[in-house]
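The values are calculated or read from the model by the stated rules, or taken from the named source; none is laboratory data. Everything numeric here is computed off the predicted structure, so don't read it as measured data. Note that we place each Cβ from the backbone using ideal geometry, even for glycine, and neighbour counts take in every protein chain shown.
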Amino acid sequence: MTQIILDAGASSKLNEAIQPVDLCDPSGRVLGRFLPLIDPTEWELVSTPASDEEIARRKQLKGQGLTINEVIARLEKL
């Protein structure tokens with residue numbers, strides 16, 4: 001992979017990015033996209049929206065659902 005060393009100004013701007021950034025030439029033409037690295041220690045923990053009772057109910061239904069082919073067949077009938 002080729003590396004491009006940025007000047008301090010560009011490096012500082014990209015270091016502040018928390019979401020994807022389009023990289024443009026002086027005329028505004030998009031050259032590429034910068035995706036900042038996310039430190040896993042900064043990830044927000046989420047909990048399951050399902051209660052323990054709902055999880056138990058879903059486990060009891062295991063194997064009673066439809067196969068992908070059955071779902072496709074039903075959708076094609078619509």
(Q) Based on this model, can you work out whether LEU31 counts as surrounded by 10 or more Cβ atoms within 10 Å (Cβ to Cβ), touching a strand residue (DSSP E or B) at 6+ places or on another chain (Cβ under 7 Å) and not in a loop (DSSP other than H, G, I, E, B)? (A) no
Q) What are the residue pairs meeting all of these: first residue in the stretch 29-40, first residue of a type in the set (Val, Ile, Thr), second residue surrounded by 10 or more Cβ atoms within 10 Å (Cβ to Cβ), Cβ atoms under 9 Å, and 6 or more apart or on different chains? A) VAL30/ASP22; VAL30/LEU23; VAL30/CYS24
**Q.** Extreme residue, modelled with the highest pLDDT, among residues of the stretch 37-77 that are surrounded by fewer than 10 Cβ atoms within 10 Å (Cβ to Cβ), aliphatic (A, V, I, L, M) and outside any loop (DSSP other than H, G, I, E, B)
**A.** LEU75
Q.
Kindly evaluate LEU6 against the criterion of being surrounded by 10 or more Cβ atoms within 10 Å (Cβ to Cβ), free of Cβ contacts under 8 Å to residues at least 12 places away in the same chain and not in a strand (DSSP E or B).
A. yes
